[in-house]
1. Calculate the radius of gyration of the Cα atoms of the range 46-116 to one decimal place, then report Dmax, the largest Cα-Cα distance, as a whole number, both in Å.
2. What does the helix-only formula give at 222 nm for the chain: each DSSP H stretch with n ≥ 4 adding -39500 (n - 2.57), the total divided by the residues, and the result rounded to the nearest 500 deg cm²/dmol?
3. Between K122 and S136, what is the label-point separation in nm under the 7 Å Cα-to-beta-carbon projection?
4. Compare L99, L115, L73 in a GNM of the chain, Cα atoms joined below 10 Å, and give the one with the largest fluctuation.
5. Relative to the first principal axis of the alpha-carbon coordinates of the chain, what is the inclination of helix 72-83, with its axis defined by its Cα atoms, in degrees from 0 to 90 and to the nearest 10?
6. Can you give me the P(r) profile for the range 86-172? Cα pairs, bins 5 angstrom wide beginning at 0, each as a whole percent.
7. Which one of I160, I21, I109 has the biggest mean-square fluctuation once the chain is modelled by GNM with Cα springs under 10 Å?
8. Testing the spin-label approximation: label points 7 Å from Cα along Cα→Cβ at N7 and N146. State their distance in nm.
Amino acid sequence: MNMNNLNIQYFVEGDDEKKLINTLKNQLGVIQTGKVQKLNVIENKITDNIIRTLKKGTVVVLVFDTDTQQTDLLNCNIAKLKACKFISKVITIPQVDNLEDELVRSCNIRKITELLNSRSKKDYKSDLIRVTNLDSKLKEHEFDINLFWSMQPGAPYQNIINESEIIKTVKK
């Protein structure tokens, strides 16, 4: 699927994902550009009002953690989006198990606190949201887009395909 000139809408779990995705698309250029909106699709229903804000032909990208056992609402949201005639594609990107694990897997670090020299895992989240040179920090720790969002989740997410390759602009 040629992603150029398409409207892409990312729905992400939190402010940390929003910050990271904006960095990946704007500073590093390793994923497709698009709007990023915070909406936890594991815990929140995609309403008709949200769908009405999307332009015809939009590609919807759902980014979500897989560290909970809750899939019912996620499956409902995916089905609802796929039923919309004016949405051209729904792309699912499960984070195995969460954003921190994805970053540890794709950077040359042993634990998430090393990425931004955070004092604790709790501090890391606020550090990530505040940092102004996230792109430099990712490069410094040898971030590899091919390792990021590269795993297929286990149960109960095993039926949700990781389609991140579709939005990555740097091919293996």
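None of the figures in this text is laboratory data; all of them are computed from the coordinates on show. These figures come from a predicted structure and were not determined experimentally. With ideal geometry, Cβ positions are generated from the backbone for all residues, glycine too; neighbour counts draw on all protein chains shown.
1. Computed over the Cα atoms of the range 46-116, radius of gyration and Dmax are 15.5, 45 Å.
2. So the calculated ellipticity at 222 nm is -9000 deg cm²/dmol.
3. The two pseudo-label positions are separated by 2.9 nm.
4. L73
5. The angle comes out at about 50 degrees.
6. In order of increasing distance, the bins hold 3, 14, 20, 21, 17, 14, 8, 2, 1, 0 percent.
7. Sorting by GNM fluctuation, first place goes to I109.
8. Spacing of the two 7 Å Cα→Cβ label points: 3.5 nm.
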